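Novice: Input: one structure, supplied below.
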Amino acid sequence: MEGRRGERGCLWSVAVLVVLLGLVGPLMALRPLKQRDFVSDGGGEEQLFLRRDDRYSSFSQWNITGTYRGHWSFLDVTNGSSRFLDFGKSSGVSVLELVTTQTKIRGVHNVQGSITFHDVFDNEHDHEIAQMRLEGVYIWPFQKLRMVANSVLNDEPLQQEYFSNPYHLIKLFSSQVLQESIQDRLPRKKSVTYDIDKHCNIEIAAQVLRVPSRQNVDGNHELYRLEGLMEGLAIDNDGECFSSITLNATSLNTEAYYNKAVNYTLMVTFISFLQVVLLIRQMAHSNTQAGAAKVSILMIGQQALIDAYVCLLNLTSGILVESLFNAFATAAFFKFVVFSIFEMRYLLSIWKASRPLQNGESWETMRRELSVLYSCFYGILLGGILLIYQLHNFLRPVIFIMYSFWIPQIITNVIWDARKPLHPYYIIGMSVSRLAIPFYIFGCPSNFLRIEVDNYWCIYLGVFMGLQVMILLLQHYLGSRWFIPHQMLPEKYCYYRKFESYASQAADCVICMTTIDLSENSNRYMVTPCDHCFHSECLQRWMDIKMECPTCRRALPPA
């Protein structure tokens, strides 16, 4: 009997021990978070001793630091708030900036950041963008995010981590210039952080979800989605400050922005090399005084202004995003070389050819006029920057005006009846290379600026440039005045007239020093207004160099 009692006692002891061991896990889970031990593995991830399911699936820590872009919308039809901002619309775009830091509490991270609402209006401040500072906690085992509005001074900067990612290139540089839609022409003004805590208790509760791999277009980079609700109760518990707002935002892959920005700078660098080659080809095509005088100085100056603005655009982008400074600075440097060295040199050659040095004119006079030319160019450059800044809501019409740089050359060809002033390769190559940047910004759906695609505007710009190129090419092959009615054309001197008094004689061409048979067809020779005769090919080549008579140096009219 005693043996059986001892055996039963041992069995009861083992049973009690098993029960106690089975309760250890749940008891540990019920202890307060502050009283639990902090354990870190080799990789630095926090482990939470919570009860697991039958499959023994483990909790994983998600780093939600980053930028989230999405939409906000009211649960109700209208806002109906008199204590808060007038949102103007029932939905709009929202941007969240979050930075998480570890805490001593296992499974809990501290969160600080901001949320920006677009399409928001306030009669007192008249702004379209409202920004709130946020702080809260992120309970990563349950993927829960809880935040409240934190009112701070307007001039208090965000944390330094915000300005290290390239999405701020969009916020600071392009949001007020390039993100204006065609329908939305209202001026954007600076965002303001409002003193929320004097009026409302703002709370945000969100669930953190991982974007499925089939919807993740960025590849291996993990993207997260926030789905939550924003509520605002009045301080005096008298109703609501505004109706509940739903928030849906997806994280942005900063690495993708880096790659897209670098690809853009490579494209700009390649375009710069191509434009240098085209400029050298064109300068060789018009390397004579007569050839350079046929090129419009306004056309070259307008192209130089475009390259100068692109140079400043890339340099400003590199300053805004320090981590991409080298890439943008390289693109800006090559654009600077294009407009400051090649185009300005060509501009100077055209200016000198259009005003040959007069007899008795001093170098001081020429230097004074040259300084006026440079002053006008850089004055227009600086004035254009101020004008574009004021007209940033009308950026697309401004680009249309800037890309009409072939029109001055077309008018110059008609006025002076210029023969083949531009090489066809230069016309086509320069047009295509200059369309690359606006087509990338407004036509590429995956551009790094995240500008909404406007296909119709790109088509209009392409057709506009195509018409200019077509007119120039037809002027090159059919004549500068091919589209002008004959009734409107002025009288033109005919070089292919006959000399009746010398019809039976022979003359010598002073250009090639060979005999001209005046009895042959008149198209084989040309006669100047000063009654000097030359071979047609000889005089045409001479007129491409100088518009002077090879014999008496008198000015020659256009052929």
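The values are calculated or read from the model by the stated rules, or taken from the named source; none is laboratory data. Just so you know, these numbers come straight off a predicted model, no measurement behind them. Every residue, glycine among them, receives a Cβ derived from its backbone with ideal geometry; neighbour counts consider all protein chains shown. Protein only, heavy atoms only, side chains kept; ligands, DNA and RNA dropped before computing areas. Shrake-Rupley method; radii C 1.70, N 1.55, O 1.52, S 1.80 Å.
Novice: Quickly run through segment 445-459 and pick out the residues that are assigned to a helix (DSSP H, G or I), free of Cβ contacts under 8 Å to residues at least 24 places away in the same chain and either of a type outside the set (A, V, I, L, M) or crowded, with 19+ Cβ neighbours inside 10 Å (or both).
Specialist: N455, Y456, C458
Novice: Something else now. Given (1) within 24 Å of R355 (Cβ to Cβ); (2) surrounded by fewer than 22 Cβ atoms within 10 Å (Cβ to Cβ); (3) at pLDDT below 90; (4) of a type in the set (G, A, S), where does S243 come up short, assuming only one miss?
Specialist: So S243 meets the others, but not (1).
Novice: Further, regarding this structure: Of the residues G318, G301, only one is in contact (Cβ under 8 Å) with a residue 24 or more places away in the chain, in a helix (DSSP H, G or I) and on the phi < 0 side of the Ramachandran plot; which?
Specialist: G301
Novice: Here's another thing I want to ask about it. For N287, which of the numbered conditions (1) part of a helix (DSSP H, G or I); (2) open to solvent by 60 Å² or more (accessible area, probe 1.4 Å); (3) over 21 Å from Q468 (Cβ atoms) fails to hold?
Specialist: (1)
Novice: Condition (residue is more than 21 Å from I427 (Cα to Cα) and open to solvent by less than 10 Å² (accessible area, probe 1.4 Å)) applied to segment 343-361: is it met by at least one residue?
Specialist: No: segment 343-361 contains no residue that is more than 21 Å from I427 (Cα to Cα) and open to solvent by less than 10 Å² (accessible area, probe 1.4 Å).
Novice: Continuing with the same structure: What are the residues in segment 281-323 that are more than 18 Å from S431 (Cα to Cα) and among the small types (G, A, S), if any?
Specialist: A284, S286, A290, G291, A292, A293, S317, G318, S323, listed by residue number.
Novice: Go through (1) open to solvent by 50 Å² or more (accessible area, probe 1.4 Å); (2) among the basic types (K, R); (3) in contact with a Ser or Thr (Cβ under 6 Å, 6 or more places away or on another chain) one by one and return the number of the condition K335 breaks.
Specialist: (1)
Novice: Would you mind telling me which numbered condition in (1) surrounded by 23 or more Cβ atoms within 10 Å (Cβ to Cβ); (2) under 24 Å from L370 (Cβ atoms) F328 fails?
Specialist: That leaves (2) as the condition not met.
Novice: Right, next: Restricting the search to segment 516-546, which residues are assigned to a helix (DSSP H, G or I) and open to solvent by less than 80 Å² (accessible area, probe 1.4 Å)?
Specialist: S522, S536, C538, L539, Q540, W542, M543, D544 - these are the residues of segment 516-546 that are assigned to a helix (DSSP H, G or I) and open to solvent by less than 80 Å² (accessible area, probe 1.4 Å).
Novice: Follow-up question, since we're still on this one. Suppose the filter is modelled with pLDDT under 95 and either open to solvent by 30 Å² or more (accessible area, probe 1.4 Å) or within 30 Å of Y258 (Cβ to Cβ) (or both); does I428 pass it?
Specialist: No: the conditions fail for I428.
Novice: Name the one entry in N248, N201, N253, N220 that is at pLDDT 70 or above and open to solvent by 60 Å² or more (accessible area, probe 1.4 Å).
Specialist: Testing whether each residue is at pLDDT 70 or above and open to solvent by 60 Å² or more (accessible area, probe 1.4 Å) leaves just N201.
Novice: All but one of (1) open to solvent by 20 Å² or more (accessible area, probe 1.4 Å); (2) within 37 Å of the chain's Cα centre (by Cα); (3) not polar (S, T, N, Q) hold for F442; which doesn't?
Specialist: Exception for F442: condition (1).
Novice: Moving on. Go through segment 288-326 and give me each residue that's polar (S, T, N, Q), at pLDDT below 90, over 18 Å from N413 (Cα atoms) and over 15 Å from the mean Cα position of the chain (by Cα).
Specialist: Within segment 288-326, S323 is the sole residue that qualifies.
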